[in-house]
Amino acid sequence: MDSKVLSVLENKIQLIKTDKGAIYLVGPIRLPVNLYGETVVFQWYCWLNCDEVTEDYQRIIDKLSSSNLAELQQSSVLAYGDFQYGDEALIRMHSICHTGDIFGSKRCDCGFQLKNSMKMIVEHGTGALFYLANHEGRGIGLFSKAMAYILQENGYDTVEANEGLGFVDDSRNYEDAISVLKALRSKPVTLITNNPKKLEALRQSGMPISGRRPLWGDISEYNEQYLQTKVNRSGHLREEGTCTND
Ligand SMILES: [Zn+2]
């Protein structure tokens with residue numbers, strides 16, 4: 001193996017020990033992003049879970065080409081401003097939504113929430129967006145989500161559809177993202193969310209929290225029922241005077 005590859009990469013890899021093994025965090029990588037027509041430069045990091053815990057990163061690099069990583073998804077984080085030391089930081093834990101984020105589906109408000117939370121972070125000056133790749137359909141995966149959509153077209157609400165396929169309504173887990181957050185920042189954060197479960201997961205981890213910012217909007221005839229279910233069935237916090245809806 002080319003030893004130069006390791007020398008280029010090793011200062012950009014961080015080992016985070018977890019209960020199950022390790023998270024290898026790589027970055028920061030300069031990432032200019034088109035955000036509502038403006039170019040904004042983020043610092044991008046990506047992480048990989050691994051059973052093996054080692055600071056010999058060559059061992060990890062050696063495994064990559066045979067690990068079939070494209071068949072699995074990795075999560076990542078877009079940081080903005082002085083995320084490590086800035087006094088006030090806004091963070092968003094965004095669950096992947098293939099249909100909403102990529103295609104711009106109006107059946108949910110995920111695409112809107114993704115772009116809008118990035119904008120809120122940039123306007124605030126410091127923050128990070130965690131993009132959680134194993135959270136599709138609240139943790140049921142894309143194929144099951146397609147089936148859940150068919151059930152929804154036949155009278156089931158989002159909670160009933162997930163449960164009808166044998167899943168719990170919401171199996172999302174925030175442990176890895178919170179471990180990465182703690183590796184990047186120890187000062188307080190304000191969480192952008194309407195979901196009390198996300199706030200509670202962060203609180204239980206011992207991460208200092210300075211507040212919560214709601215994120216409602218993009219209500220339409222296509223997602224009205226979905227958003228109402230979030231409030232009625234999943235305990236989402238509705239804000240006075242705004243639309244319904246993470
Ligand atoms: Zn969505």
Of the candidates Ser67, Asn116, Tyr131, the farthest towards the positive dipole end of segment 1-151 (Lys/Arg Cβ +1, Asp/Glu Cβ -1, centred on the Cα centre) is Asn116
Would you please state the base-10 log of I(q)/I(0) at q = 0.27 1/Å for segment 46-102, with intensities from the Debye formula using one equal scatterer on every alpha carbon? -1.13
Rounded D (µm²/s) - the chain, Kirkwood Rh over Cα pairs, Stokes-Einstein at 37 °C, 0.692 mPa s: 171 µm²/s
Förster-model FRET efficiency, 45 Å R0, Asn154 and Thr18, C-beta, rounded to 0.05: 0.65
For segment 63-129, what does the alpha-carbon gyration tensor say about shape, rounded, prolate or oblate, given a ≥ b ≥ c as the root eigenvalues, a/c under 1.5 as rounded, and a/b over b/c as prolate? oblate
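At a 1.4 Å probe radius, carbon and sulfur cover how many percent of the accessible area of the chain?
Numbers: 6410 of 12730 Å².
Here carbon and sulfur together make up 50 percent of the probe-accessible area.
For Lys20, what is the net charge nearby, where nearby means another residue's Cβ is under 14 Å from its Cβ and Lys, Arg count +1, Asp, Glu -1?
-4
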Set of lysines near Lys145 by C-alpha distance (under 19 Å), chain-local residues within fewer than 8 positions excluded: Lys106, Lys230
Each residue of segment 31-43 in order: what ³J(HN,Hα) in whole Hz does its phi give by Karplus 6.51 cos²θ - 1.76 cosθ + 1.60, θ = phi - 60°, with x for Gly and Pro? 10, x, 10, 7, 10, 6, x, 9, 8, 10, 9, 9, 9
In nm, the gap between the two label points placed 7 Å beyond Cα toward Cβ at Tyr85 and Lys182 is 2.4 nm
Between Arg30 and Val53, how many nm apart are label points set 7 Å from Cα along the C-beta direction? 3.6 nm
Please list, in order along segment 161-167, the HN-Hα scalar couplings obtained from phi with the Karplus expression 6.51 cos²θ - 1.76 cosθ + 1.60 (θ = phi - 60°), rounded to whole Hz, x for Gly and Pro. 5, 4, 5, x, 8, x, 9
Shape descriptors of segment 52-198 over alpha-carbon atoms, Rg and Dmax in angstrom, are 17.4, 54
Radius of gyration and maximum dimension Dmax of segment 28-71, Cα, Å: 15.3, 42
Projected label distance in nm at Glu123 and Glu175, using a 7 Å step from Cα toward the beta-carbon: 3.6 nm
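If you roll a 1.4 Å probe over the heavy atoms of the protein chains, what accessible area per residue do you get for the chain, in Å²? All intermediate terms of the calculation are to be shown ahead of the outcome.
Numbers: 12730 Å² over 246 residues.
On a per-residue basis, the chain sits at 52 Å².
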If we sort 117-125, 132-140 on the protection proxy, mean other Cβ atoms within 10 Å, highest first, what's the order? 132-140, 117-125
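FRET efficiency for Glu224 and Val168, Cβ-Cβ distance as r, R0 = 35 Å, nearest 0.05? Write down the numbers at each step before the final one.
On the way: r = 25 Å, r/R0 = 0.71.
Efficiency, from the Cβ-Cβ distance: 0.90.
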Quick check for you: which residues of segment 43-82 have the amide N under 16 Å from the point 7 Å beyond the Cα of Glu10 toward its beta carbon? 54-62
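Students sometimes get this wrong: rank Lys182, Lys145, Lys4 by accessible area, probe 1.4 Å, all chains present, largest first.
Result, largest first: Lys4, Lys182, Lys145.
The values are calculated or read from the model by the stated rules, or taken from the named source; none is laboratory data. Only a predicted model underlies this, so the values are computations on that prediction, with no experimental measurement involved. Positions of Cβ are generated from backbone atoms using ideal geometry, with glycine treated the same way; all protein chains shown enter the neighbour counts. Side chains are part of the model used for accessible areas, which takes the heavy atoms of the whole protein and leaves out ligands, DNA and RNA. Shrake-Rupley method; radii C 1.70, N 1.55, O 1.52, S 1.80 Å.
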